[in-house]
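Below you'll find the structure, written out as structure tokens, and then a few comments.
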Amino acid sequence: MSEREVLELDVLFVGAGPASLAGAIHLQNLLKESGQKASIAILEKAGEIGAHSLSGAIVDPRTLKELFPDFDQQNIPFESEVTEEHLYYLTKAKKFSFPFIPSPMSHHGCYISSIGKLTRWLGEKCENEGIDIFCGFPGTELIYEGDQVIGVRTGDRGIDKNGEQKSQYEAGAEIHAKVVILGEGTRGSLTKKLIQRHELMNGKNPQVWAIGVKELWKMPPGSVQPGYVAHTMGFPLGHNIFGGAFLYGMQDDIWDLGLVVGLDYSNPAVDSHHELQLLKTHPWMKSVLDGGELISYGAKSLPEGGWFSIPKLTVNGAMLIGDS
Ligand SMILES: Cc1cc2nc3c(=O)[nH]c(=O)nc-3n(C[C@H](O)[C@H](O)[C@H](O)COP(=O)(O)OP(=O)(O)OC[C@H]3O[C@@H](n4cnc5c(N)ncnc54)[C@H](O)[C@@H]3O)c2cc1C
């Protein structure tokens, strides 16, 4: 049986999503400002940064501007600044334009982006700042000393389907850190354990989830305006299901089409994936996608409970960030 390797760090982030990547860079900036040094690493279960990421995404550049004061010189791999924005109410066959876009739905000054490209870019920034990123390593257990989190154990490798060790078995490592920061995204496995053990949802509203189902469409040359944004309400979800659709114009003639569906619907026959297919039967959507080819598809959950569903974020030795 192989020995568990032990790595000692100051700060360990779990999950290389935007929250951890930005958090690690921010921490490094603060340390530099105060003339201190600390060892920082990020653990990511995907084989490479961005491989498990899925988002819209319209990015509000506020945080990036704080992280990178020379934002304009940074060549951040955005698809486009938002150039045109619409909010529509759809019936089964018609489309009505809202007379104005309410400010929470307005994305003036924001950027359409691919979260995969953005996280890979942030990952490079981290590495340039001396932050280690370990891809392909899922954090599987929190390590405790009493009630204090002191690290994370990574998953064992070389286990067969019956849970038995194969000849190439390799025990996971123990990564000890003064602070463990969980940026696992929604329903993270370590986050769930932390919340349960420390009762971090006590006195909070239960979390409400939505699922975002999304497709990328490659269109004929010249047919997609990068920076185009449309959000819709109404068809196919109707009035009893929280959610709506988005359509974003990306570079290289790609439409980014998605539907967010609140998972607190009461009709058990609702199927979010099917709802997206129904959306594409709308005459407007049909005309938008005419001549195009579906090139990728995915789905991911989002927390929708808002402020009152945020768990207590800190315990001794650990904290939660981002969608965690
Ligand atoms: C369809 C859709 C559309 C969206 N549109 C927008 C938008 O337009 N604008 C916007 O601002 N936001 C949007 N969001 C929300 C946004 O994508 C999330 O808020 C954001 O990605 C959260 O970042 P995060 O770093 O907290 O988590 P994530 O992006 O989920 O990243 C978590 C990372 O942690 C890794 N991980 C998880 N558990 C472990 C573990 N135990 N060990 C190691 N690694 C682990 C995962 O592999 C993943 O890489 C959208 C989301 C969806 C699903």
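Multiplying each eigenvalue of the alpha-carbon gyration tensor of the stretch 32-102 by 5 and taking the square root yields semi-axes of 38, 20, 11 Å, largest first, rounded to whole angstroms. For the chain, the longest principal axis of the Cα atoms and the long axis of helix 115-128 meet at an angle of about 30 degrees. The magnitude of the dipole of the stretch 73-163, with charges of +1 and -1 set on the Cβ of Lys/Arg and Asp/Glu and taken from the Cα centre, is near 680 debye.
Just want to confirm a number: the relative contact order over the chain, from Cα pairs under 8 angstrom separated by 6+ residues, in percent.
Rounded, it is 23 percent for the chain.
What's the center-to-center distance, using Cα atoms, between the stretch 216-230 and the stretch 70-116 in Å? Between the Cα centre of the stretch 216-230 and that of the stretch 70-116, the gap is 13 Å.
Of the accessible area of the stretch 1-40, computed with a 1.4 Å probe over protein heavy atoms only, carbon and sulfur atoms account for 55 percent. Positive contributions from Lys and Arg (+1) and negative ones from Asp and Glu (-1), summed over other residues with Cβ under 11 Å from the Cβ of residue 265, come out at -3. Between residue 281 and residue 165, the modelled label-to-label distance comes to 5.6 nm, taking each label 7 Å out from Cα in the direction of the beta carbon. From the alpha carbon centroid of the stretch 196-211 to that of the stretch 253-324 is 20 Å. Its Cα centre serving as origin, the stretch 155-261 has a Cβ charge dipole (Lys and Arg +1, Asp and Glu -1) of approximately 380 debye. Counting only alpha carbon atoms, the long axis of helix 18-33 and the longest principal axis of the chain meet at about 60°.
For the stretch 213-324, what does the alpha-carbon gyration tensor say about shape, rounded, prolate or oblate, given a ≥ b ≥ c as the root eigenvalues, a/c under 1.5 as rounded, and a/b over b/c as prolate?
Since a/c reaches 1.5 but b/c is at least a/b, the shape of the stretch 213-324 is classed as oblate.
Taking all protein chains in place and a 1.4 Å probe, what share, in percent, of the accessible surface of the stretch 171-262 do carbon and sulfur account for? All intermediate terms of the calculation are to be shown ahead of the outcome.
On the way: 2020 of 3760 Å².
Looking at the stretch 171-262 in its full context, I get 54 percent from C and S.
With 30 Å as the limit on Cα-Cα distance, the pairs of 45/65; 45/286; 94/214; 218/300 that go past it are 45/286.
Of the trypsin sites (Lys or Arg not before Pro) found in the stretch 144-237, those that fall in a DSSP loop while having at most 10 other beta-carbon atoms within 10 Å are 161.
Bridging of residue 312 to aspartates and glutamates at a Cα separation below 18 Å is possible for 147, 184, 199, 304, 323, once same-chain residues fewer than 8 apart are set aside. Rolling a 1.4 angstrom probe over the protein heavy atoms with all chains in place gives the chain an accessible area of 53 Å² per residue.
Spin-label model, residue 101 to residue 310: label points 7 Å out along the Cα-to-beta-carbon direction sit 2.5 nm apart.
If only the Cβ of Lys and Arg carry +1 and only the Cβ of Asp and Glu carry -1, the dipole of the chain around its Cα centre is close to 880 debye. Over the C-alpha trace of the chain, radius of gyration and Dmax come out as 21.7, 68 angstrom.
With an 8 Å Cα cut-off and a minimum separation of 6 or more residues, compute the relative contact order for the stretch 234-310 in percent. Write down the numbers at each step before the final one.
Values: 52 pairs, mean separation 17.7, N = 77.
Relative contact order, the stretch 234-310: 23 percent.
Say each of residue 73 and residue 89 gets a label point 7 Å from the Cα, pointing the same way as Cα to Cβ; how far apart are those two points in nm? About 4.9 nm, to one decimal.
Report for the chain the percent antiparallel among DSSP-assigned beta bridges with both residues inside it, nearest 5. The partial results should precede the final answer.
On the way: 52 of 78 bridges.
Around 65 percent of the beta bridges assigned by DSSP in the chain are antiparallel ones.
Taking a Cβ cut-off of under 13 Å around residue 123, the surrounding Lys, Arg, Asp and Glu residues balance to a net charge of -3, with basic ones at +1 and acidic ones at -1.
Of the residues 9, 24, 61, the one whose Cα sits farthest towards the positive end of the charge dipole of the stretch 1-78 is 61 (charges of +1 on Lys and Arg Cβ, -1 on Asp and Glu Cβ, taken about the Cα centre).
The values are calculated or read from the model by the stated rules, or taken from the named source; none is laboratory data. Because the structure is a prediction, the values reported are computed rather than measured. All Cβ positions, even for glycine, are placed from backbone atoms using ideal geometry, and neighbour counts span all protein chains on display. In case anyone asks, the SASA skips ligands and DNA or RNA and just uses the protein heavy atoms, side chains included. Shrake-Rupley method; radii C 1.70, N 1.55, O 1.52, S 1.80 Å.
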